[in-house]
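**Student:** Below you'll find the structure I mean.
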Amino acid sequence: MKNHILQIERKLKTTKKMLLKDSVLQNDIDFSYDFILPFSKANKISEIKLVFIGQDPTVRRPESRGEIKVTLNLDKENSLKTYLKTVCNTLEIDIEKEVYATNLYKCFFNFPPADDKTILTRHFKIWMDFLINELA
């Protein structure tokens, strides 16, 4: 699993460089923050029983973006993780060993998608292709 996460990290760096060169898409992204990595503490990919897919890590307050390091903030004990643990417990799945969480869009947008109804459409192809490859 560690190799998988490292591979995703390398691909994110390549994607970031590509997006920086796109005169339209680059204007949507807050490049002052790293793109967000998936979360999984599984030892091997074969141990994954459940995948959570979030939309994007963007939060309304830009100053709080630096606190987000992994998808859905699953590296922190918070209300979302508590809720997802409840879901996992109901399904008899260990959130720490059998879950993989990732976002479709792994970048912080300058403005939350709720404020710009077209941003997700503009970025969809790039990030969907990335997600398909990631989950393969």
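The values are calculated or read from the model by the stated rules, or taken from the named source; none is laboratory data. Keep in mind that this is a model prediction, so the values were computed, not measured. In this analysis, Cβ positions are derived from the backbone assuming ideal geometry, glycine residues included, and neighbour counts consider all displayed protein chains. Side chains are part of the model used for accessible areas, which takes the heavy atoms of the whole protein and leaves out ligands, DNA and RNA. Shrake-Rupley method; radii C 1.70, N 1.55, O 1.52, S 1.80 Å.
**Student:** Say the dipole of the range 10-136 comes from +1 at the beta carbon of Lys and Arg and -1 at that of Asp and Glu; which of T14, P113, M128 then lies farthest toward its positive end?
**Tutor:** Highest projection toward the positive end goes to T14.
**Student:** Calculate, for the range 69-114, the solvent-accessible area per residue in square angstrom, rolling a 1.4 angstrom probe over the heavy atoms of the protein chains. Don't skip to the end; give the middle numbers.
**Tutor:** Values: 2260 Å² over 46 residues.
So the range 69-114 comes to 49 Å² accessible per residue, rounded to a whole number.
**Student:** Could you size up the charge dipole of the chain around its Cα centre, putting +1 on the beta carbon of Lys and Arg and -1 on that of Asp and Glu, and report it in debye to the nearest 20?
**Tutor:** 320 debye
**Student:** Mind checking the angle between helix 2-20 and the chain's longest principal axis? C-alpha axes, 0 to 90 degrees, to the nearest 10.
**Tutor:** On a 0 to 90 degree scale, this one is about 10.
**Student:** Run down the aspartates and glutamates and flag those whose C-alpha is under 13 Å from the C-alpha of K13, throwing out any fewer than 8 positions away in its chain.
**Tutor:** Leaving aside aspartates and glutamates fewer than 8 places away in the same chain, those within reach of K13 are D34.
**Student:** Hey, any idea what % of the chain's accessible area is carbon plus sulfur with a 1.4 Å probe?
**Tutor:** 56 percent
**Student:** With percent of Cα pairs over 25 Å apart as the read-out, I listed (i) 20; (ii) 55; (iii) 27; which label goes with the value calculated from this structure?
**Tutor:** From the options (i) 20; (ii) 55; (iii) 27, the structure gives (iii).
**Student:** For the range 39-136, run through the GluC sites (Glu not before Pro) and keep only the ones in DSSP coil with at most 16 other Cβ atoms within 10 Å of their Cβ. All intermediate terms of the calculation are to be shown ahead of the outcome.
**Tutor:** Numbers: sites: E47, E63, E67, E77, E92, E96, E98, E134; in loops: E77, E92, E96, E98.
Listed in order of number, the matching sites are E77, E92, E96.
**Student:** Less than 16 Å apart at the alpha-carbon level, and either on another chain or at least 8 residues along: which lysines does that give for K97?
**Tutor:** Correct list for K97: K2, K41, K44, K49, K76, K81, K85.
**Student:** Could I ask something else about it? Which percent, to the nearest 5, of DSSP beta bridges fully inside the chain are antiparallel? Intermediate results must be reported in sequence, preceding the final value.
**Tutor:** On the way: 2 of 8 bridges.
Percentage antiparallel, nearest 5: 25.
**Student:** Can you give me the long-range amide H partners of G54? Hydrogens built in the peptide plane at 1.01 Å from N, cutoff under 5 Å, separation of 5 or more residues or another chain.
**Tutor:** T102, N103, L104
**Student:** Does anyone have the angle between helix 119-135 and the longest principal axis of the chain? Alpha-carbon axes, 0 to 90°, nearest 10?
**Tutor:** Long axis of 119-135 versus the principal axis of the chain: about 40 degrees.
**Student:** Output the Kirkwood hydrodynamic radius of the range 50-127, Cα pairs only, in Å rounded to one decimal.
**Tutor:** Working: mean 1/r = 0.0726 Å⁻¹.
13.8 Å is the Kirkwood radius here.
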